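Beneath this line is the structure, given in structure tokens, with notes to follow.
The values are calculated or read from the model by the stated rules, or taken from the named source; none is laboratory data. The structure displayed is predicted, hence computed values, not measured ones. Cβ: placed from backbone, ideal geometry, glycine included. Neighbour counts: every protein chain shown. Only protein heavy atoms, including side chains, enter the accessible area calculation; ligands, DNA and RNA are left aside. Shrake-Rupley method; radii C 1.70, N 1.55, O 1.52, S 1.80 Å.
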Amino acid sequence: MENGEPVIVVEKLNKSFGPNHVLKDFSMEVNSGENLVILGKSGSGKSVLIKCIIKLIDGDSGNINVLGQNIDDLEQDKLDELRAKVGFLFQSNALYDSMTVRENLEFPLRRHWSKEERADKAEAAVIEALEDVGLSHTINMMPAELSGGMRKRIALARTLILRPKVILYDEPTTGLDPITGREISQLMLDVQKKYNATSIVISHDLNCIKMISNRIIMLIDGKNYVSGTFESLHLNTDPKVKEFFD
Ligand SMILES: Nc1ncnc2c1ncn2[C@@H]1O[C@H](COP(=O)(O)OP(=O)(O)OP(=O)(O)O)[C@@H](O)[C@H]1O
Ligand SMILES: [Mg+2]
């Protein structure tokens, strides 16, 4: 896909949980090669939005197109194929505590690669993914033996192992100290460059946003309220926007 082409298109997405109308005609486009940040208050629907994009949650109405395919039209096997192309870094990392780092990284391969492919390439893929995040030495460790920043890196390595075209990051630096947060942000930039991936990043960490974003969408009142570069939004005088940058 050429840089600049739309990779994800969300049109008038609505999602309610009972009376709680979270997303209200939310629309956006994400273009190939972009690092797009979604900024919004806690509970505004950021995680719900990216879960809708990989169909972990079904929207109530609207359209979502990912890599040229309308996700509502896909049978389960096509949806699985698409999910292999769209990496998701969970807010909670979602590492398996009872598995070693190696086993955690092999896990997505079991689902998406044949036995022959795994015999052939899994070892090299695990090693490269760990090298990408600078944690080769942790291959036989358990998640409990890792720091928060290291767990985040391992979760990123597990996402990278399938060479996703799109990576969705849910608050990648939240809960980390500022230095580790910057290291993770730099790593996201490095990964983006190496694999020419497109990223959607949910974050309210201004340091991270400033470092990585090409563009920011502000999710306010369930809508794509305004979008722009960090610099332009930083100068925006609308009180609803301004409070994020004060
Ligand atoms: N499975 C669910 N069932 C019911 N309500 C849900 C569910 N998932 C999310 N919600 C509600 O949807 C709203 C948006 O949740 P979401 O997790 O997307 O917020 P967020 O913007 O990611 O917040 P945070 O910054 O705290 O992570 C919240 O009011 C939440 O309670
Ligand atoms: Mg969230």
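With Kirkwood's inverse mean 1/r over C-alpha pairs for Rh, give me the Rg to Rh ratio of the chain, two decimals please. Intermediate values should be presented prior to the final figure.
Working: Rg = 17.9 Å, Rh = 18.6 Å.
My calculation of the ratio gives 0.96.
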Notebook entry, point to check: For the stretch 6-245, what proportion of DSSP beta bridges, expressed in % and rounded to the nearest 5, is antiparallel?
Noted result: 55 percent
Notebook entry, point to check: Can you give the accessible area of residue 211 in Å² (nearest 10), computed on protein heavy atoms with a 1.4 Å probe?
Noted result: 70 Å²
Next item on the list: Please compute the net charge surrounding residue 142, taking Lys and Arg as +1 and Asp and Glu as -1 over other residues with Cβ under 10 Å from its Cβ.
Entry: -3
Notebook entry, point to check: Among 189, 135, 147, which residue has its Cα positioned farthest towards the positive end of the charge dipole of the chain, with +1 placed on the Cβ of Lys and Arg, -1 on the Cβ of Asp and Glu, and the dipole taken about the Cα centre?
Noted result: 147
Item checked: Hits among aspartates and glutamates - C-alpha to C-alpha of residue 24 under 12 Å, sequence gap 8 or more where chains match -> 11, 60, 221
Note to self: Net charge within 15 Å of residue 245 by Cβ-Cβ distance, Lys/Arg positive one each and Asp/Glu negative one each, not counting residue 245 itself?
What the structure shows: -1
Notebook entry, point to check: Largest first, how would 46, 85, 41 line up by accessible area (1.4 Å probe)?
Noted result: 41, 85, 46
Checklist line | Sparse-neighbourhood loop sites, GluC sites (Glu not before Pro) in the stretch 1-74 - DSSP loop, at most 10 other Cβ within 10 angstrom | finding: 2
Checklist line | Other-chain or far-sequence residues with amide H under 5 Å of residue 224's (modelled H) | finding: 27
Margin query: Give me the base-10 log of I(q)/I(0) for the stretch 121-246 at each q in 0.12, 0.15, 0.16, 0.19 Å⁻¹, Debye formula, one uniform scatterer per Cα, rounded to two decimals.
Written below: -0.51, -0.74, -0.82, -1.06
Notebook entry, point to check: How much FRET efficiency would the formula 1/(1 + (r/R0)^6) give for residue 147 and residue 42, where r is the Cβ-Cβ distance and R0 is 25 Å, rounded to 0.05?
Noted result: 0.55
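If the limit is 25 Å between Cα atoms, which of 15/193; 41/194; 152/210 go over it? Numbers along the way, then the final one.
Working: 15/193 34 Å; 41/194 31 Å; 152/210 20 Å.
As for pairs spanning more than 25 Å Cα to Cα, those are 15/193; 41/194.
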Notebook entry, point to check: Can you work out ³J(HN,Hα) from phi for every residue in the stretch 96-101, in order, using Karplus 6.51 cos²θ - 1.76 cosθ + 1.60 and θ = phi - 60°, giving whole Hz and x for Gly and Pro?
Noted result: 8, 5, 8, 10, 5, 4
Next item on the list: For the stretch 197-214, take each phi angle, set θ = phi - 60°, evaluate the Karplus expression 6.51 cos²θ - 1.76 cosθ + 1.60, and give the result in whole Hz per residue in order, putting x for glycine and proline.
Entry: 7, 9, 10, 10, 10, 8, 6, 10, 8, 4, 4, 5, 4, 5, 5, 9, 7, 8
